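The values are calculated or read from the model by the stated rules, or taken from the named source; none is laboratory data. Everything quoted here is computed from the prediction, not taken from an experiment. Backbone-built Cβ (ideal geometry, glycine too); neighbour counts: all protein chains shown.
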Amino acid sequence: MAKHIKKIRDLNILTKKHPAIQTIINTGNAPEIHGNKVWASSYFIMDFLDDNPPTETTSILEVGCGWGVLSLYCAKKFNANVLATDADKNVFPFLKAQARENDVKIKTKVCRYENISDSTLAKQDIIVGGDICFWDELVDALYDTIRRALKNGVKTIIIADPGRPTFLDLAQRCKAEFRAFLIPYGVSDPANYDGYLLLVSN
């Protein structure tokens with residue numbers, strides 16, 4: 001069983017071959033919007049937060065959470081109040097399996113990020129998201145979500161990506177309009193991955 005669990009940054013991450021994950025896959029309710037694995041950009045944000053830790057009980061919203069490993073990390077490592085959101089309801093059984101393995105509880109909600117309410121945004125200190133700007137139509141939606149988040153008092157927004165043209169387009173728009181920085185970023189744990197962080201702050 002242990003060979004189907006990866007120990008990454010104090011989390012036990014179940015791989016696709018783990019029986020709990022296989023059981024979910026065999027139900028036939030597969031994720032519909034690329035939420036079929038842990039995407040590498042999540043590790044960029046974990047690494048950044050390790051070096052820039054939030055205070056305890058910080059409210060963190062993850063958009064496009066997928067299997068929720070980044071959300072679980074924020075809750076377990078920093079004792080954050082986490083809300084994990086995704087447009088695809090079929091990712092949440094995978095998230096819950098990962099949460100059970102790590103004895104972590106977080107709130108979840110099925111929601112596209114452009115539909116996250118202003119009242120929900122106003123309760124957040126930090127918004128995070130990895131590998132969430134992969135279609136052309138997502139650029140406008142994510143830009144507007146960032147704009148509304150800043151308007152509602154969110155202090156920090158951290159978006160990570162390997163460097164897709166859509167993400168770089170979003171980054172340039174944010175740099176032109178907000179206090180935003182595009183930072184080349186890389187990690188060596190759990191493997192060598194390179195990409196970018198987009199940091200936006202109030």
Response to the item:
A careful count of residues in region 55-64 that are buried (at least 18 other Cβ atoms within 10 Å of the Cβ) and modelled with pLDDT under 95 gives 1
Worksheet, complete the sentence: Checked region 192-202 for anything over 21 Å from P54 (Cα atoms) and surrounded by 14 or more Cβ atoms within 10 Å (Cβ to Cβ); matches are Y193, G195
Item to complete: Out of the residues in region 131-159 that are in contact with a Ser or Thr (Cβ under 7 Å, 6 or more places away or on another chain) and under 18 Å from S201 (Cβ atoms), state the one that is surrounded by the fewest Cβ atoms within 10 Å (Cβ to Cβ).
Response: K155
Item to complete: Would you point out the residue of region 160-191, among those that are touching a residue at least 40 places away in the same chain (Cβ under 8 Å) and out of contact with any Asp or Glu (no Cβ under 9 Å at 6 or more places or on another chain), that is surrounded by the most Cβ atoms within 10 Å (Cβ to Cβ)?
Response: P190
Worksheet item: When the residues of region 91-146 are filtered to those that are among the aromatic types (F, W, Y) and either in a helix (DSSP H, G or I) or at pLDDT 95 or above (or both), which remaining residue is nearest to N12 (Cα to Cα)?
Response: F94
Response to the item:
Pairs returned, first residue in region 92-104 that is closer than 17 Å to I25 by Cβ, second residue that is at pLDDT 95 or above and assigned to a helix (DSSP H, G or I), beta-carbon separation under 7 angstrom, 6 or more apart or interchain, are Q98/L72
Discussion item. Restricting to region 56-91, give me the number of residues that are in contact with an Asp or Glu (Cβ under 8 Å, 6 or more places away or on another chain), more than 22 Å from D161 (Cα to Cα) and free of Cβ contacts under 8 Å to residues at least 60 places away in the same chain.
Written reply: 3
Worksheet, complete the sentence: Those residues of region 58-87 which are out of contact with any helix residue (DSSP H, G or I) (no Cβ under 9 Å at 6 or more places or on another chain) and at positive phi amount to N79
Worksheet item: Does D88 count as surrounded by fewer than 23 Cβ atoms within 10 Å (Cβ to Cβ), touching a Gly at 6+ places or on another chain (Cβ under 7 Å) and at pLDDT 90 or above?
Response: yes
Worksheet entry | region 46-97, residues that are acidic (D, E) and farther than 18 Å from K6 by Cα | D50, D51, E56, E62, D86, D88
Discussion item. Looking at region 78-85, can you tell me whether even one residue there is over 17 Å from G130 (Cα atoms), in a loop (DSSP other than H, G, I, E, B) and in contact with a Pro (Cβ under 7 Å, 6 or more places away or on another chain)?
Written reply: yes
Discussion item. Restricting to region 160-183, and then to whatever is part of a strand (DSSP E or B) and in contact with a Leu (Cβ under 8 Å, 6 or more places away or on another chain), can you tell me which residue is farthest from A40 (Cα to Cα)?
Written reply: A180
